[in-house]
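The values are calculated or read from the model by the stated rules, or taken from the named source; none is laboratory data. Please read these numbers as outputs of a predicted model, since none were measured by experiment. Virtual Cβ from ideal backbone geometry, glycine too; neighbours counted across all protein chains shown. The protein model used for the area step is the full one, side chains on, heavy atoms only, and it has no ligands, DNA or RNA in it. Shrake-Rupley method; radii C 1.70, N 1.55, O 1.52, S 1.80 Å.
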Amino acid sequence: MKDWRYLMAEQRGTLLALGIFIVMFIIYTTNHPAGFTANVVQTAANKGVLLAFVAMAQTLVVITAGIDLSVGMILLLTNCLASWLVVGTPFETTLGVIAVLLAGLVCGAINGAIVIYGRLQPIVATIATGAVYYGIGLLLRPFPGGSVNEDLADALTGKLFDVIPTSLVALLVVVLVVWVPFSRSVFGRAAYAAGSSETAAYMSGVPIRRGKFFAYMLAGLLASIGGLFLTFFTYTGEAAYASGNAYTLFSIAAVVLGGVSLFGGKGSAIGAIFGALAFRTIGDLLFVFDFDPLWQPLFQGVILLIAVSLGAFALFRVRNRLEWFL
Amino acid sequence: MSETTLGGIAGRMPKFLRRADPAVATAFACIVILLLLGSLYSRSFLSPEYLLQQLKVASFLGVIATGMMLVILLGQIDLSVPWSVATGAMMACAAAAYGHAGVVLAIPFGILCGVAIGIVNGFGVAYLRIPSMIITLATNAVAQGLMVVYTGGFSPQDSATAAMRYLATGSTIPGVPNGVIIWALIGAAMVFVLTRTSFGRAVYGIGNRERAAYLSGIDTRRIVMIAFAVSGGLSAFGGVLLAGYASKAAQSMGDAYLLPSIAAVVLGGTSILGGRGSYLGTVAGVILITLLQSILSVMQMPEAGRQIIYGVVIVAMLLLYGRAPASR
């Protein structure tokens, strides 16, 4: 009984995000002209999964009480890289996918090394590395173009047994292969501990540096998986500054909606995934209600503003005014 | 002994050298090195015309970085710069389309829109205790959304007023561009506020430890809110000047000012954690960044290469002197 209650308290943010997502998705599908069909779910899943990968990447870093403002740019860079490499015979394609994932891992490792071993503030460091990644992406693709192995792309964006979107299955696999082992490992726990209180964690001999480094590195990897999927959806590579920035912004929105604390040490990537799916669904609500698409950026901005303001309710629980100041 | 000898050596140096912050000194040294490197490439790098031209270009960034510095001194950050700049520019140009009164009120109206964005930021940070990084990203998105709805997704057709063009491109004193004069005035005001007023002392106090500042009787929330409002207003004013320079506003005109403004402040030795830094450093940072951009564009470096060099230089310089103490 008691275990059950602790588990509920721990997963409250995740469950809330799941709830928001289910309500929004029901509103979305009931008002969609085609209704709740496999095709509607597939389209929604494909759009949502992209953001879900980036949101997972952001979660890993946010858990350590840092922030990665370069996730969107890693996504762009790997998108451009994939549009060169993920082509040709199955063997070449496999090598290409591995190279793209490695590139993401390296980007994440660079961020981690600068923040942890270089001891720079994550905000400034990742804005600067983001500029570098964007520059490299632009070098690879000065103009939108390129191609991708279409068999693989169609397989990963289609439907399994004509019902389940393959992209959702891929997301599940990534969660099982990356997130679950990480969060249960010593390094995952070190990342949580570092986010919750770095001094206390350091004093108790937790390997905080390696834990944080792993978090940044895996964030790069997850962002590169997002970049791969972006290539699979669009068949091209494009280095568009605005779209990279938008992904970074939306990843933060998704993380907040998913119940991950921006002060670190609290939340899970599962919550962030539901946050991402919910954010995408809310953004698409405008289309089913036939609004001018021009209103979409404002609508998404207002949702983001409301989502981040919700955290202010914690102020009502503060008994001592000094706790206003962290 | 060792302390007295050190004191002895320092005592013999001129006063301004003794008091100089190593970070500010490094930044100025880098400016000199950049100029020397540039003069190896082309003779005209040391000509007065070129240097004045650089100062004029730097003045836009200088105005924006002034607001950014105030916020960074508090230990916060303002990521809403891109669309504060664009909103200021677009709203000033939009006001100009409304007859004579509109032309007169164009500049104040543009600045006011920036102040409004800043007040939302400040309210969120100071009263709702939302991390500044997040709330400013959100208001940036909202400002972008508002401008997209207003302009219909295209660059607005309204053009800048004569006054805006005069402020940005004219010169009241022969040879000295107006932009430089404006930057000097704003800079002087900022130095006065930071060093001679209780507001300035409170800003440094909050940046060091907000709890202690609150306990010593400062209304920290009001100060934070004012600082964000000033930052928003200065960003928008930078946008007004930019619109005057290009004689119209554009959709993504502010994007190129977020990283440079943060970088200028931080390269100038202001601690990103707040509470430490001088305006002289920010001036050095702004000039340094402008020179770097100018040299890269004179060398006809494509956009991609510029972004890469830019990011690498900022990380490298921060690694030189912007590191946090080790956790022990």
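Can you give me the % of accessible surface on the protein assembly as shown that is carbon or sulfur? Probe 1.4 Å, all protein chains present, nothing else counted. Let's see the in-between values first.
Details: 19550 of 28760 Å².
Its accessible area is 68 percent carbon and sulfur atoms.
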Self-check item: Exercise: per-residue mean of other protein chain Cβ atoms within 10 Å, A:130-141
Solution: 5
Exercise. Go ahead and set up a Gaussian network model of chain B, Cα springs under 10 Å, then flag whichever of B:A116, B:A264, B:A27 fluctuates most.
Key: B:A116
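Quick one, could you list the DSSP H helices from chain B stretching 30 Å or more along their long axis (Cα atoms) with average Kyte-Doolittle hydropathy of 1.0 or above?
On the way: long enough: B:48-73 (34 Å, 1.35); B:99-126 (38 Å, 1.81); B:220-246 (39 Å, 1.29).
Span-like helices in chain B: B:48-73, B:99-126, B:220-246.
Based solely on its DSSP helices, what 222 nm [θ] is calculated for chain A when runs of n ≥ 4 H residues each add -39,500 (n - 2.57) and the sum is averaged over all residues, nearest 500 deg cm²/dmol?
On the way: 15 runs with 230 residues, N = 326.
-23000 deg cm²/dmol, from helical runs alone.
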Quiz item: Residues of the range B:161-229: accessible area per residue at 1.4 Å, in Å²?
Solution: 51 Å²
Quiz item: Can you list the trypsin sites (Lys or Arg not before Pro) in the range A:244-326 that are in a DSSP coil and have 12 or fewer other beta carbons within 10 angstrom?
Solution: A:R319
Quiz item: How much solvent-accessible surface does A:D290 expose, in Å² to the nearest 10, with a 1.4 Å probe and all protein chains in place?
Solution: 140 Å²
Self-check item: Mean residue ellipticity (222 nm) of chain B, computed from DSSP H runs ≥ 4 via -39,500 (n - 2.57), nearest 500
Solution: -25000 deg cm²/dmol
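When you count, for each residue, the other Cβ atoms within 10 Å and take the mean per peptide, how do A:13-25, B:268-280 rank with the highest first? Mind showing how you got there, number by number?
Details: A:13-25: 19.0, B:268-280: 21.4.
Those peptides, ordered most packed to least, come out B:268-280, A:13-25.
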Practice problem: For the range A:167-257, just say rounded, prolate or oblate: build the C-alpha gyration tensor, square-root its eigenvalues into a ≥ b ≥ c, call rounded for a/c under 1.5, and beyond that prolate if a/b exceeds b/c, oblate if not. | Solution: prolate
Quiz item: How high is the FRET efficiency between B:T172 and B:L273 when r is their beta carbon distance and R₀ equals 30 Å, given to the nearest 0.05?
Solution: 0.15
Quiz prompt | Cα gyration tensor shape of the range A:2-324, rounded if a/c is under 1.5, else prolate or oblate by comparing a/b with b/c | solution = oblate
Quiz item: So what does B:E210 come to for accessible area, using a 1.4 Å probe and Å² rounded to 10?
Solution: 30 Å²
Quiz prompt | Shape of the range A:1-111, Cα gyration tensor, a/c cut at 1.5 | solution = oblate
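So if I place +1 on the C-beta of Lys and Arg and -1 on the C-beta of Asp and Glu, and nothing else carries charge, what would the dipole magnitude of the range B:167-228 be about its Cα centre? I want it in debye, nearest 20. Mind dumping the intermediate values first?
Values: 6 positive and 2 negative charges, 48 e Å.
So the dipole magnitude of the range B:167-228 works out to roughly 220 debye.
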Practice problem: Collect residues whose amide H, placed 1.01 Å from N in the peptide plane, falls under 5 Å from the amide H of A:I164; neighbours closer than 5 in sequence don't count. | Solution: none
Quiz item: Hey, rough spin-label estimate for A:W4 and A:R189, points 7 angstrom out along Cα→Cβ, what's it come to in nanometres?
Solution: 2.7 nm
Quiz item: Using a basic spin-label model with each label point 7 Å from the Cα along Cα→Cβ, how many nm lie between B:A316 and B:A184?
Solution: 3.4 nm
Exercise. Count, for each residue of B:313-319, the Cβ atoms from other chains sitting within 10 Å of its Cβ, then give me the mean as a whole number.
Key: 5
Practice problem: Take peptide B:263-271, look around each residue's Cβ out to 10 angstrom, count Cβ atoms belonging to other protein chains, and average those counts. | Solution: 1
Quiz item: What spacing in nm lies between the two simple spin-label points modelled at A:L95 and B:V298, each 7 Å away from Cα in the Cβ direction?
Solution: 4.5 nm
Quiz item: Interface A/B, total buried accessible area with a 1.4 Å probe, nearest 100 Å²?
Solution: 4300 Å²
Self-check item: Residue-normalised accessible area of the range A:194-326, expressed per residue, 1.4 Å probe, Å²
Solution: 44 Å²
Quiz prompt | Part-to-part distance (alpha-carbon centres) for the range B:270-299 and the range A:158-192, which is given in Å | solution = 43 Å
Quiz item: Taking chain A as a Gaussian network, Cα atoms linked when under 10 Å apart, which of A:N149, A:N31, A:N111 shows the biggest mean-square fluctuation?
Solution: A:N31
Exercise. Using only Cα atoms, figure out Rg for the range B:212-278 and give it as a multiple of 2.2 N^0.38 Å.
Key: 1.44
Practice problem: Using only alpha carbon pairs under 8 Å that are at least six residues apart, calculate the relative contact order of the range A:2-324 and give it in whole percent. | Solution: 34 percent
Exercise. Compute the separation of the alpha-carbon centres of the range A:118-151 and the range A:1-55 and state it in Å as a whole number.
Key: 30 Å
Practice problem: Enumerate the whole-percent occupancy of each 10 Å bin, from 0 to the last occupied one, for all C-alpha pair distances of chain B. | Solution: 6, 24, 33, 25, 10, 2, 1, 0
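Could you calculate the FRET efficiency of B:S216 with B:F192 from 1/(1 + (r/R0)^6), where r is the beta carbon distance between them and R0 is 22 Å, rounded to 0.05? Could you put the intermediate results ahead of the total?
On the way: r = 23 Å, r/R0 = 1.03.
The pair B:S216/B:F192 has a calculated efficiency of 0.45.
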Practice problem: Given the peptides B:60-73, A:40-53, arrange them by the average over their residues of other C-beta atoms within 10 Å, most packed first. | Solution: B:60-73, A:40-53
Quiz item: Which of the helices in chain A, when you take each full DSSP H run, stretch at least 30 Å along the axis at their Cα atoms and have an average Kyte-Doolittle score of -0.5 or higher?
Solution: A:38-63, A:90-112, A:208-234
Quiz item: Which length gain, in nm to one decimal place, applies between B:A250 and B:A25 when the Cα-Cα distance is subtracted from 0.36 nm times their residue separation?
Solution: 77.3 nm
Self-check item: Accessible area of A:F291 in the full protein assembly, 1.4 Å probe (Å², nearest 10)
Solution: 120 Å²
Quiz item: If you build a Gaussian network model of chain A, linking Cα atoms that sit under 10 Å apart, which residue out of A:G108, A:G227, A:G301 swings the most?
Solution: A:G301
